[in-house]
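Worksheet: the structure to be examined is printed underneath.
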Amino acid sequence: MSARGVLAVLLAWCVLGSAWAFDSEVAFQDPAQQARYERLNRELRCLQCQNQTIADSTAPLAADLRREVREMIKAGHTDAEIRQFMLERYGDFVLYRPRMSAANFLLWAAPALLLVIGALAAVRFIRRRTTEVDVDDAGPGAGTA
Amino acid sequence: MWRYALPLVLFVLLAAALRIGLYRDPSVVPSPLLGRPAPEFSLPSLHDANYPIATGDLRGRPWLLNVWATWCVGCRQEHEVLLQIAAQNVVPVIGLNWKDDNAAARRWLAELGNPYSAVAEDRDGRVAIDWGVYGAPETFLISPDGTVLYKHVAPMTLEVWRNEFLPRIDPARRTAEAGS
């Protein structure tokens, strides 16, 4: 194989490697249920390998949690019930999309808060400049230029 | 004056917050079980599948639940400490053998010594999920009325035992005695 060929294979490996890591096991015949299953798996964090969802992870714990999700869907539980099941056991950290709570409220409010602080600072700054210009205009040197 | 003091104060606050963050271990996840009733289980004993180990039988005294497995490196590391803790006879140490091989687990205990009053076998890992286990070894302290008092994630050390576990065990025992 030429050097180009080897390179192409390696590049393909880089791209496909991550695609293979994704949990592609078909758990349900019903596409709607399979979609729910995959979506829930992508929402839940694998706590054994903390920056992966349970869909991405090959850790044994992730496999166990996928099994729980699968069986809860089969038993007719709602998405909210499945999330609650995980929350009761692993806490907020299990959710990849965090909830708002008293403990992390500041984090959620921070962008709005910073925007308000910035706006106030800007208003102050502009007002002060405007007054300074007014003073200059009315001052003794006004109009000489 | 304040236009010089304010940035300084903000800087000190930020530096303090970052310093705290520097010494926190992000891999330790706080357990939502603390202060809540310990999840019930009844599992076969590692040594005799016909003999069930149930949380209900452990009521009335404080006890430890140690989650371990032969595939877990940290478990081997803490094993000596568990033997020492068990030898102190303060609380029974119950083992939860997590997703392990029965024969391998028995061999481990035969070779390294058995610190456990009883070992429950959680072959499919369901009980571990109920307990929010995410990485062995984990050690829980359960009060006489079945409340989770403390959880330690990482190999046990005598320091953790002295500083975190022992101070919580005596008050728990006293409350249980006063109540009965």
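The values are calculated or read from the model by the stated rules, or taken from the named source; none is laboratory data. Just so it is clear, the model here is predicted, and its values are computed rather than measured. Using ideal geometry, Cβ is built from the backbone for each residue, glycine included, and neighbour counts are taken over all protein chains shown.
Within region B:122-136, how many residues turn out to be facing chain A (nearest Cβ under 7 Å), more than 15 Å from A:Phe85 (Cα to Cα) and in contact with an Asp or Glu (Cβ under 9 Å, 6 or more places away or on another chain)?
Of the residues in region B:122-136, 1 are facing chain A (nearest Cβ under 7 Å), more than 15 Å from A:Phe85 (Cα to Cα) and in contact with an Asp or Glu (Cβ under 9 Å, 6 or more places away or on another chain).
Let's see how each residue does on (1) within 24 Å of A:Cys46 (Cα to Cα); (2) more than 34 Å from the chain's Cα centre (by Cα); (3) away from every other protein chain (no Cβ under 13 Å); (4) among the hydrophobic types (A, V, I, L, M, F, W, C):
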site	(1), (2), (3), (4)
B:Ala5	no, yes, yes, yes
B:Val12	no, yes, yes, yes
B:Ala16	no, no, yes, yes
B:Arg19	no, no, yes, no
B:Pro26	yes, no, no, no
B:Ser31	yes, no, no, no
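Determine if region A:48-56 includes at least one residue that is small (Gly, Ala, Ser), within 14 Å of another protein chain (Cβ to nearest Cβ) and more than 11 Å from A:Leu95 (Cα to Cα).
Residues of region A:48-56 small (Gly, Ala, Ser): A:55.
Add one more test, that the residue is within 14 Å of another protein chain (Cβ to nearest Cβ), and what stays is none.
There is no residue in region A:48-56 that is small (Gly, Ala, Ser), within 14 Å of another protein chain (Cβ to nearest Cβ) and more than 11 Å from A:Leu95 (Cα to Cα).
Exactly one of these conditions fails for B:His47: (1) within 13 Å of chain A (Cβ to nearest Cβ); (2) not in a helix (DSSP H, G or I). Give me its number.
(1) is the only condition that B:His47 fails.
Out of all the residues in region A:90-105, which are under 22 Å from B:Lys151 (Cβ atoms) and either in contact (Cβ under 8 Å) with a residue 40 or more places away in the chain or assigned to a strand (DSSP E or B) (or both)?
Hits for region A:90-105 are A:Tyr90, A:Phe93, A:Val94, A:Leu95.
Consider region B:137-180. How many of its residues are touching a Gly at 6+ places or on another chain (Cβ under 7 Å) and either loosely packed, with under 14 Cβ neighbours inside 10 Å or part of a loop (DSSP other than H, G, I, E, B) (or both)?
The number of residues fulfilling the criteria is 4.
Considering every residue within region A:50-58, establish whether at least one is outside any loop (DSSP other than H, G, I, E, B), surrounded by 15 or more Cβ atoms within 10 Å (Cβ to Cβ), touching a helix residue (DSSP H, G or I) at 6+ places or on another chain (Cβ under 6 Å) and not aliphatic (A, V, I, L, M).
Kept after step one, since they are outside any loop (DSSP other than H, G, I, E, B), are these residues of region A:50-58: A:53.
This time we only want the ones that are surrounded by 15 or more Cβ atoms within 10 Å (Cβ to Cβ), so: A:53.
Among the residues that remain, those that are also touching a helix residue (DSSP H, G or I) at 6+ places or on another chain (Cβ under 6 Å) are: A:53.
Now restrict to residues that are not aliphatic (A, V, I, L, M): A:53.
The answer is yes, given that some residue of region A:50-58 is outside any loop (DSSP other than H, G, I, E, B), surrounded by 15 or more Cβ atoms within 10 Å (Cβ to Cβ), touching a helix residue (DSSP H, G or I) at 6+ places or on another chain (Cβ under 6 Å) and not aliphatic (A, V, I, L, M).
Go through region B:35-70 and report how many residues are hydrophobic (A, V, I, L, M, F, W, C) and exposed (fewer than 15 other Cβ atoms within 10 Å of the Cβ).
Within region B:35-70, residues that are hydrophobic (A, V, I, L, M, F, W, C) and exposed (fewer than 15 other Cβ atoms within 10 Å of the Cβ) number 2.
Look through A:Arg89, A:Arg42 and report the one residue that is away from chain B (no Cβ under 14 Å), surrounded by 11 or more Cβ atoms within 10 Å (Cβ to Cβ) and at pLDDT 90 or above.
Exactly one residue qualifies, and that residue is A:Arg42.
Could you please give the count of residues in region B:102-131 that are of a type outside the set (S, T, N, Q), assigned to a loop (DSSP other than H, G, I, E, B) and either modelled with pLDDT of 95 or more or touching a Leu at 6+ places or on another chain (Cβ under 6 Å) (or both)?
Narrowing region B:102-131 to residues of a type outside the set (S, T, N, Q): B:103-113, B:115-116, B:118-131.
The next check asks that each one be assigned to a loop (DSSP other than H, G, I, E, B); those that pass are B:113, B:115-116, B:123-125, B:131.
Now drop any that are not either modelled with pLDDT of 95 or more or touching a Leu at 6+ places or on another chain (Cβ under 6 Å) (or both), which leaves B:113, B:115-116, B:131.
Within region B:102-131, residues that are of a type outside the set (S, T, N, Q), assigned to a loop (DSSP other than H, G, I, E, B) and either modelled with pLDDT of 95 or more or touching a Leu at 6+ places or on another chain (Cβ under 6 Å) (or both) number 4.
For region B:90-108, check the following and say yes or no: at least one residue is in contact with a strand residue (DSSP E or B) (Cβ under 6 Å, 6 or more places away or on another chain) and in contact (Cβ under 8 Å) with a residue 60 or more places away in the chain.
Within region B:90-108, one or more residues are in contact with a strand residue (DSSP E or B) (Cβ under 6 Å, 6 or more places away or on another chain) and in contact (Cβ under 8 Å) with a residue 60 or more places away in the chain.
Can you find a residue that is part of a helix (DSSP H, G or I), more than 14 Å from chain A (Cβ to nearest Cβ) and of a type in the set (Asp, Glu) anywhere in region B:77-93? Explain how you work it out, then say what you get.
Residues of region B:77-93 that are part of a helix (DSSP H, G or I), as a first pass: B:77-87.
Next, from what is left, pick out any that are more than 14 Å from chain A (Cβ to nearest Cβ): B:77-87.
Now restrict to residues that are of a type in the set (Asp, Glu): B:78, B:80.
Among the residues of region B:77-93, at least one is part of a helix (DSSP H, G or I), more than 14 Å from chain A (Cβ to nearest Cβ) and of a type in the set (Asp, Glu), which makes the answer yes.
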